[in-house]
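Engineer: Got a structure for you, questions after.
The numbers here are math on the coordinates, done by the rules we state, and not lab data. All values derive from a computational prediction rather than experimental measurement. Positions of Cβ are generated from backbone atoms using ideal geometry, with glycine treated the same way; all protein chains shown enter the neighbour counts.
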Amino acid sequence: MAASAAVGLIGLAVMGRNLALNVERRGFPIALYNRTYARTQ
């Protein structure tokens, strides 16, 4: 059985950024939002 999930993250401080990178590395689609655009890059 293949795992499937849609992930959204609000806030990319230290913990949020690392969580987003780990989710993306494992192949899950992710949507991000942060007040400052630069942190989303």
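Engineer: What are the residues whose amide H is under 5 Å from the amide H of residue 7, where those residues sit 5 or more places off or on another chain and H is modelled from the backbone?
Structural biologist: Residues meeting the criterion, in which the H sits 1.01 Å from N, are 31.
Engineer: Around residue 24, what is the net charge, scoring Lys/Arg as +1 and Asp/Glu as -1 over all other residues with Cβ under 15 Å from its Cβ?
Structural biologist: Here the count lands on +4.
Engineer: Continuing with this model, one more query. Counting residues in the chain as N, plug N into 2.2 N^0.38 Å and put the Cα Rg over that result.
Structural biologist: That works out to 1.19 for the chain.
Engineer: Here is a follow-up. In a shell of Cβ-Cβ distance under 14 Å around residue 11, excluding residue 11 itself, what net charge do Lys and Arg (+1) and Asp and Glu (-1) give?
Structural biologist: +3
Engineer: Before rounding to the nearest 500, sum -39500 (n - 2.57) across all DSSP H runs of length at least 4 in the chain and divide by the residue total; then give [θ] at 222 nm in deg cm²/dmol.
Structural biologist: -9000 deg cm²/dmol
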